[in-house]
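Down below is the structure, laid out as structure tokens.
The values are calculated or read from the model by the stated rules, or taken from the named source; none is laboratory data. The structure presented is a predicted model; accordingly, all values stated were derived computationally and were not measured. Note that we place each Cβ from the backbone using ideal geometry, even for glycine, and neighbour counts take in every protein chain shown.
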Amino acid sequence: MGLDLRKLDHLVAVVEEGSFTRAAARLHLSQQALSTSIRALEREVGVPLLDRTSAGVTPLPAGRALVEDARVLHGVARAAVRRARRIGRGETEVLRIGHTPAVTGPEVMALAQAVPGLHTEVHQRYPGQLTAELLGGELDVGLCRGIQPPHGLSRTTLGHSRLSVAVAAGHRLAGRTHVTLADLAGEHLVVWGSEDSGYTQFLLGLCRDAGFEPRHSRNPIQGTPPVTAVVGTGHVAFVTDPPGSALDGRVQVLELRPAQHAPVHALWSANHTGAMRDAFLSGQPASPAAARSDATNRSGR
């Protein structure tokens, strides 16, 4: 049985809007046409997908599962069209990399430069944007720390970055060259993710393992480099910048002893194909055969 992708679009819109009226306006359809489409989809699938009440519309378990798979299917379709278009035009494959603010630009560059011949576009994204664009086929790889992959994405660890501690220039620790975790007891820690973020829990866990429960809060200015979080706050932050002066002397980055390392994770969709992505994930240059395989497969040479 083949599913109509347009009907899946309609289901996703209804679930996201929680209303046939709002979904119909979003899709530029009449409410009757949208309702007819959803009922036809339910007949095709063979089970109810939505719970319709006077308070609104919510997905039933089968509806939630189909919406999850629909997002994956649409991403695969978009990625397939983009790949065919690139091959037909003879264009070079470009790896589209997204990264959360917790992974710095220098870290992304180091990973990309480790693979000879890689052509990249790099975009910073918040975690929700990152996973949505990976599922949608708009990014090839997402770099993050601690994000649990949603349905349709896979995760691997690409490496680990050594942690340092950033403090403002006037902080009581600013004159030191290094600190231990115990030195941070009583300090206020700035984190980037929410309380249930994997990276937040990793950082808090370091402090707990050192014997103290850290006072902490989320950085109110999201999207900026982590080292900026301590400016004007008197707080401390774990960063991956090298020790030394930063931000024109406004921040001092201190070596953390003994060494602690934070993982760099890669998220990607196994349903999308790409020689450059596979090379990036493996840390090995794409073989000439792999780099040419798309073109040869299409041309028959």
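Is the range 140-148 home to any residue that is surrounded by fewer than 20 Cβ atoms within 10 Å (Cβ to Cβ), closer than 20 Å to Gln260 by Cα and either more than 18 Å from the chain's Cα centre (by Cα) or among the hydrophobic types (A, V, I, L, M, F, W, C) (or both)? Looking for residues that are surrounded by fewer than 20 Cβ atoms within 10 Å (Cβ to Cβ), closer than 20 Å to Gln260 by Cα and either more than 18 Å from the chain's Cα centre (by Cα) or among the hydrophobic types (A, V, I, L, M, F, W, C) (or both), one finds none in the range 140-148, hence no. Selection of strands (runs of 3 or more DSSP E) fully inside the range 192-274 by the criterion of at least 2 residues being over 23 Å from His99 (Cα atoms) and in contact (Cβ under 8 Å) with a residue 12 or more places away in the chain returns 215-218, 251-256.
Can you say whether Arg86 is more than 11 Å from the chain's Cα centre (by Cα), farther than 26 Å from Asp241 by Cβ and either assigned to a helix (DSSP H, G or I) or among the basic types (Lys, Arg) (or both), as far as the supplied structure shows? So Arg86 passes the test. If the condition is being surrounded by fewer than 17 Cβ atoms within 10 Å (Cβ to Cβ) and assigned to a loop (DSSP other than H, G, I, E, B), then the range 149-172 contributes Pro150, His151, Ala169, Gly170, Arg172. You will find that of Gly152, Gly117, Gly105, Gly142, the residue that is touching a Lys or Arg at 6+ places or on another chain (Cβ under 9 Å), modelled with pLDDT under 95 and outside the structural domain of Gly186 (by TED's automatic domain parsing) is Gly152 and no other.
Going by the conditions given, is Ala102 touching a Ser or Thr at 6+ places or on another chain (Cβ under 9 Å) and among the aliphatic types (A, V, I, L, M)?
Values: touching a Ser or Thr at 6+ places or on another chain (Cβ under 9 Å): yes; among the aliphatic types (A, V, I, L, M): yes.
Yes, satisfied.
Would you check if there is a residue in the range 173-182 being more than 29 Å from Arg64 (Cβ to Cβ), of a type in the set (S, T, N, Q), in a loop (DSSP other than H, G, I, E, B) and at pLDDT 90 or above? Working first, answer last.
Here is the first cut: in the range 173-182, the residues more than 29 Å from Arg64 (Cβ to Cβ) are 173-182.
Okay, now just the ones that are also of a type in the set (S, T, N, Q), so 177, 180.
Now restrict to residues that are in a loop (DSSP other than H, G, I, E, B): 177, 180.
Still in the running and at pLDDT 90 or above: 177, 180.
Yes, because at least one residue in the range 173-182 is more than 29 Å from Arg64 (Cβ to Cβ), of a type in the set (S, T, N, Q), in a loop (DSSP other than H, G, I, E, B) and at pLDDT 90 or above.
Scanning the range 40-58 for residues that are surrounded by 14 or more Cβ atoms within 10 Å (Cβ to Cβ) and part of a helix (DSSP H, G or I) gives Leu41, Glu42, Val45.
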